[in-house]
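Each remark here refers to the structure printed beneath this line.
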């Protein structure tokens, strides 16, 4: 198959008639608009005060809660008496010595990476199938949206009823087929796999829709050229389509990973973190510590640790996304 | 540099001022609680037209409806009930007061959370109010086993009892007859009966339903039933944890051992699985609150109306005295920031009165359990509790197992059930589980 070479793109900041390799001049202004007036001119700068509401909003909704969180983490704080005596890193030490929390960090990572990887693969495959089928989604779109728009609590209740060891639909069907009495929620591995399955059922359509939207942006002439050159369907997907939508795929993976790290509702409804701590993910453990055991200081410290962990993964994937975007030109 | 004009200066000032004001308002809202005036214990509040808002435990809604109807009829006041799950009662009350929202005038509370509520300043001190109105409240009529654990903290009283709540062992007579077994008197017999029925039931019927969901009011109850049976205690007189006593360890071993013969699986079994399983005849034995007798007798809920019976909780080890545990149990108190404390106190007093308590007990489906000696003597109690009445009375008049209720008790109990759950799962022995729980309780 012949390589598809994209024509060089003109730099948006360089004049079209500039010699190759010349450094672009200072940006004169937005395309289509007259150059920005010089400093001190009558029209002048945009008043800085316009940004103050935004700054105030950021202070209120971001900086203040974060500062409050830090305050809770560094003090003796219960639900009844927040922000008590300064305790330094005691809450952090307590959180990091908690078997449940330490295990939850590992389980959250395992869950988030596995679930988002599975969903990315399945969602992309479904999107490709849809793209082959045509450009209109029709009823397929409705069916795809259904799990996505169902409240997670209802999703959890439905799955819990489906999997109930006594009277549940799955054991009944399995029993009638002579397959024994499966009880996936009764074992640590089964419960974790069940969570991944439920999450995948709910979120794969999200991935499908985003990837499908990206596929609509793949130039038709490239696909036609590949076909004329004798590329197979797989070769076309592998060498043309996937590289073109790689940026979207990484961005979707990033989104899914962040959402998966934060999973709470399905755990709360379906497994309550059990059996034992087998499905106690970090968000659920933090909820338990803060609002069921009332140890708000420890929960705040655990939240900071968990945020740092998520931050590490987000940073790694973000860098990957930038590299992919850079490679795609 | 651009000179700052007067107009720009004023505009910037207004924007900055508004931002700072908004932030200050938010900080104030997130700050401490509002403090209303103290309760006037001698006042006779005008209740006609008053609206009193009550935060109630969802399973007790039926009982509160009885209270509300009677109170409205007698006083002309309106009672608004907000039911929430039991495990949210403590945190919701604390947050209502801490935030200064003051949404509620009366809090129903789980007695285990009393210390946290008092520490959080959520409840009004009712000590003087109770003394002032002792003629109506009749403190001596409260069951001694209930009055102090439900209301007393740091030498002061913070509420009045609302609902007793003890456990019995319910069983299905038809299944017992079918398998030729007798109601167990000891935990060893219980295990043997469970094994016999489960093995013979071949997946259609299970010998025992063991509620083991990893929350204090579920798994904690199952453990407490065995702990009292073996003669153990959570803490001694001085409050020191007693989780590594031989009785406590034997209780945990008994709990772990029955797992394979219980409705699958104990760790997955909460109220929503346990109740229908027993009422549908899928399980032969269940330890439950006394109101299971009402549910089992309700033809709309139960397929075992003529088949159920109840006995006292089994005993174990060297203990031969049947006991019971105060596994739930609720009081009602006045919100520390209520704007109508006198009216709220009047409702708290009213709900706990002998007449209203008898009314609650007499109504099917309220989930009410006795808190007063006089109630145990009433015809209403004997009629509602039927064959279980003598056992319930004996349990409450004895020395039921009291759960810890000081500040941090909920946290400790969660630690205990976490360790027990790992034991049920097979990850650690009873000894290991309880040693870890003991260490955590001592650290706290």
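Tabulated results
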{"item": "Order of B:153, A:154 - criterion: other Cβ atoms within 10 Å of each residue's Cβ, fewest first", "result": "A:154, B:153"}
{"item": "The stretch A:92-328, relative contact order [Cα under 8 Å, separation at least 6], %", "result": "32 percent"}
{"item": "For A:180-189, mean number of other protein chain Cβ atoms within 10 Å", "result": "2"}
{"item": "Per-q log10 I(q)/I(0), the protein assembly as shown, q = 0.07, 0.09, 0.10 Å⁻¹ (Debye; single scatterer per alpha-carbon; no solvent)", "result": "-0.65, -0.97, -1.12"}
{"item": "q = 0.09, 0.11, 0.22 Å⁻¹, the stretch A:94-203: log10 I(q)/I(0) [Debye, one scatterer per Cα]", "result": "-0.35, -0.52, -1.20"}
{"item": "Cα-based shape type of the stretch B:134-264, given that a ≥ b ≥ c are square roots of the gyration tensor eigenvalues and the cut on a/c is 1.5", "result": "prolate"}
{"item": "Helix-only [θ]222 nm of the protein assembly as shown, DSSP H runs n ≥ 4, -39500 (n - 2.57) each, per residue, nearest 500", "result": "-15500 deg cm²/dmol"}
{"item": "Tensor-based shape of the stretch B:292-444 (alpha-carbon gyration tensor, a/c under 1.5 rounded, otherwise prolate or oblate)", "result": "oblate"}
{"item": "The stretch A:208-329 - convex hull of the alpha-carbon atoms, volume per residue in Å³", "result": "130 Å³"}
{"item": "Neighbour-count ranking [beta-carbon atoms within 10 angstrom, fewest first] of B:130, A:258, A:240", "result": "A:258, A:240, B:130"}
{"item": "Three principal axis lengths of the stretch A:221-262 [C-alpha, angstrom, descending]", "result": "46, 16, 9"}
{"item": "Convex hull volume per residue for chain B, taking Cα atoms only, in Å³", "result": "198 Å³"}
{"item": "Sorted by Cβ density within 10 Å, fewest first, the residues A:54, A:244", "result": "A:54, A:244"}
{"item": "DSSP beta bridges in the protein assembly as shown [antiparallel fraction, %, rounded to 5]", "result": "60 percent"}
{"item": "The stretch A:122-168 versus the stretch A:304-326: alpha-carbon centroid distance in Å", "result": "28 Å"}
{"item": "Average partner coverage of A:51-62, which counts Cβ from other chains inside 10 Å", "result": "3"}
{"item": "Cα-based shape type of the stretch A:130-264, given that a ≥ b ≥ c are square roots of the gyration tensor eigenvalues and the cut on a/c is 1.5", "result": "prolate"}
{"item": "Taking N as its residue count, the alpha carbon Rg of the stretch A:92-328 over 2.2 N^0.38 Å", "result": "1.18"}
{"item": "Shielding by partners, peptide A:267-279 (average Cβ within 10 angstrom, other chains)", "result": "5"}
{"item": "Segments B:294-303, A:170-179, B:101-110, B:162-171 sorted - mean Cβ within 10 Å per residue, highest first", "result": "B:162-171, B:101-110, B:294-303, A:170-179"}
{"item": "Cubic angstrom per residue, convex hull over Cα atoms of the stretch B:371-414", "result": "102 Å³"}
{"item": "Kirkwood Rh, angstrom, the stretch B:289-332 [1 / mean 1/r, Cα pairs]", "result": "13.0 Å"}
{"item": "Euclidean distance between Cα centres, the stretch B:200-265 to the stretch B:394-414, Å", "result": "15 Å"}
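None of the figures in this text is laboratory data; all of them are computed from the coordinates on show. As the structure is a computational prediction, the values presented were derived from the model and not from experiment. Here the Cβ is made from the backbone with ideal geometry for all residues, glycine too, and neighbour counts use every protein chain on show.
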